[in-house]
1. Condition check: over 19 Å from the mean Cα position of the chain (by Cα), buried (at least 16 other Cβ atoms within 10 Å of the Cβ) and aromatic (Phe, Trp, Tyr). Does TYR308 satisfy that?
2. Search region 263-283 for residues that are open to solvent by 60 Å² or more (accessible area, probe 1.4 Å) and pair each with any residue that is aromatic (Phe, Trp, Tyr) and assigned to a strand (DSSP E or B) when their beta-carbon atoms are under 7 Å apart and the residues are at least 6 apart or on different chains.
3. Counting just the residues of region 23-49 that are open to solvent by 50 Å² or more (accessible area, probe 1.4 Å) and touching a strand residue (DSSP E or B) at 6+ places or on another chain (Cβ under 7 Å), which one comes out modelled with the lowest pLDDT?
4. Which one of GLY104, GLY119 is out of contact with any strand residue (DSSP E or B) (no Cβ under 8 Å at 6 or more places or on another chain) and surrounded by 15 or more Cβ atoms within 10 Å (Cβ to Cβ)?
5. What pairs come up if the first residue lies in region 331-345 and is of a type in the set (Asp, Glu), the second is assigned to a helix (DSSP H, G or I) and surrounded by fewer than 24 Cβ atoms within 10 Å (Cβ to Cβ), and their beta carbons are under 7 Å apart, counting only those six or more places apart or on different chains?
6. Could you run through region 324-333 and say how many residues are under 16 Å from ASP285 (Cα atoms) and buried (at least 22 other Cβ atoms within 10 Å of the Cβ)?
7. Within the group ALA365, ALA353, which residue is among the aliphatic types (A, V, I, L, M), assigned to a loop (DSSP other than H, G, I, E, B) and open to solvent by 10 Å² or more (accessible area, probe 1.4 Å)?
8. Being of a type outside the set (A, V, I, L, M) and at pLDDT below 95, is that true of even one residue in region 262-271?
Amino acid sequence: MAILSSFTPLTIPSIVLLVVGVLVSGAEARPRAFFVFGDSLVDSGNNNYLATTARADAPPYGIDYPPSHRPTGRFSNGYNIPDLISQRLSAESTLPYLSPELRGNKLLVGANFASAGIGILNDTGIQFVNVIRMYRQLQYFKEYQNRVRDLIGASQTKSLVNKALVLITVGGNDFVNNYFLVPNSARSQQYPLPAYVKYLISEYQKLLKRLYDLGARRVLVTGTGPLGCVPSELAQRGRNEQCAPELQQAAALFNPQLEQMLLRLNRKIGKDVFIAANTGKTHNDFVSNPQQFGFVTSQVACCGQGPYNGLGLCTALSNLCSNREQYAFWDAFHPSEKANRLIVEEIMSGSKAYMNPMNLSTILALDANT
């Protein structure tokens with residue numbers, strides 16, 4: 001299930017942030033809708049409703065999630081990235097699309113379509129069997145709009161979707177759970193790594209065009225994190241405490257090409273629809289210098305077993321750290337809540353090196369005036 005991908009102070013006064021995430025419909029104000037697509041980094045529990053091994057529905061997942069401190073389906077000890085962005089929008093967290101609670105006015109908050117184990121390609125994560133692949137997530141988005149149309153009418157539904165914020169996080173699994181999953185994998189026999197990355201980018205572009213056709217107009221697109229530095233890959237492929245070089249090369253090829261593809265799409269559209277969120281660079285910051293960000297380690301997972309706590313699943317029988325704030329990684333693949341907070345801080349206020357062409361604070365301020 002892949003890992004994502006010098007913090008600067010907020011450039012927009014905090015008093016503005018209290019209102020820029022709010023849209024007015026008729027006489028009532030409500031936070032703008034928020035839609036989430038992607039993999040386990042942003043899945044808030046859809047896989048709980050599916051017959052799959054790619055689930056986070058057992059302790060100690062959710063150990064710090066308030067108020068229950070119980071697992072929710074998030075691959076985190078607490079909040080994940082969508083939760084933290086919702087908080088910045090002064091909104092409640094979006095519900096998983098498969099949740100029976102997602103009905104009535106809850107639909108107007110948005111929806112989370114993400115599913116752990118999936119990738120850009122349909123053959124990624126086939127070992128997890130019953131997951132919501134990207135084409136199906138987009139079908140659900142269309143279905144969602146039909147449901148909202150029945151609730152508030154066609155015109156208001158179009159406005160809600162056009163004004164919404166969208167987050168998509170996908171791509172890491174296409175390497176760790178496909179190309180590099182086993183020696184001599186089918187995809188690695190089909191493509192050398194540079195050609196595979198080019199193919200992924202072309203397929204990703206098709207997904208993003210479809211998202212645009214479905215009405216998305218503000219889309220945060222995250223790159224992959226330092227794939228070779230996650231505890232799982234350190235345990236299996238690392239040598240002498242060094243990150244796995246082949247996976248690091250994959251991320252180094254993928255992220256710049258993703259950013260360039262997004263900028264090309266924006267030029268073609270004539271507007272800044274797609275925002276490249278270089279979460280890999282953010283994550284590299286605290287992987288290379290964990291102490292600067294208050295971590296004791298960026299190599300060992302809080303929950304797991306084996307070298308770096310990087311082998312197998314995080315379960316009730318795993319090693320479990322007592323202070324999650326000190327660990328950059330919660331489990332073998334996924335950031336801790338504290339790491340997620342650092343990533344979202346950079347999404348909100350990062351420079352162009354992290355957020356191209358603009359950060360989320362700037363987006364929210366601009367959209368508040370339109």
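1. Numbers: over 19 Å from the mean Cα position of the chain (by Cα): yes; buried (at least 16 other Cβ atoms within 10 Å of the Cβ): yes; aromatic (Phe, Trp, Tyr): yes.
Answer is yes for this residue.
2. Cβ pairs passing all conditions: none.
3. At the first step, the residues of region 23-49 found to be open to solvent by 50 Å² or more (accessible area, probe 1.4 Å) are 24, 26-30, 49.
Cutting the leftovers down to touching a strand residue (DSSP E or B) at 6+ places or on another chain (Cβ under 7 Å) gives us 29-30.
Numbers: ALA29: 63, ARG30: 75.
The extreme case among them is ALA29.
4. Details: GLY104 fails: surrounded by 15 or more Cβ atoms within 10 Å (Cβ to Cβ).
The match here is GLY119.
5. GLU337/ARG324
6. Taking region 324-333 as the starting set, the residues that turn out to be under 16 Å from ASP285 (Cα atoms) are 326-329.
Keeping just the survivors that are buried (at least 22 other Cβ atoms within 10 Å of the Cβ) gives 327-329.
Counting residues in region 324-333 that are under 16 Å from ASP285 (Cα atoms) and buried (at least 22 other Cβ atoms within 10 Å of the Cβ) gives 3.
7. Working: ALA365 fails: assigned to a loop (DSSP other than H, G, I, E, B).
ALA353 is the lone residue from the list that is among the aliphatic types (A, V, I, L, M), assigned to a loop (DSSP other than H, G, I, E, B) and open to solvent by 10 Å² or more (accessible area, probe 1.4 Å).
8. Residues of region 262-271 of a type outside the set (A, V, I, L, M): 264, 266-268, 270-271.
Next, only the ones that are at pLDDT below 95 stay: none.
No, there is no match, as no residue in region 262-271 is of a type outside the set (A, V, I, L, M) and at pLDDT below 95.
The values are calculated or read from the model by the stated rules, or taken from the named source; none is laboratory data. All of these numbers come straight from a predicted model, not from anything done at the bench. Counting neighbours? That spans all protein chains shown, and the Cβs are built from the backbone with ideal geometry, glycine included. Surface accessibility is based on the protein's heavy atoms, side chains included, excluding ligands, DNA and RNA. Shrake-Rupley method; radii C 1.70, N 1.55, O 1.52, S 1.80 Å.
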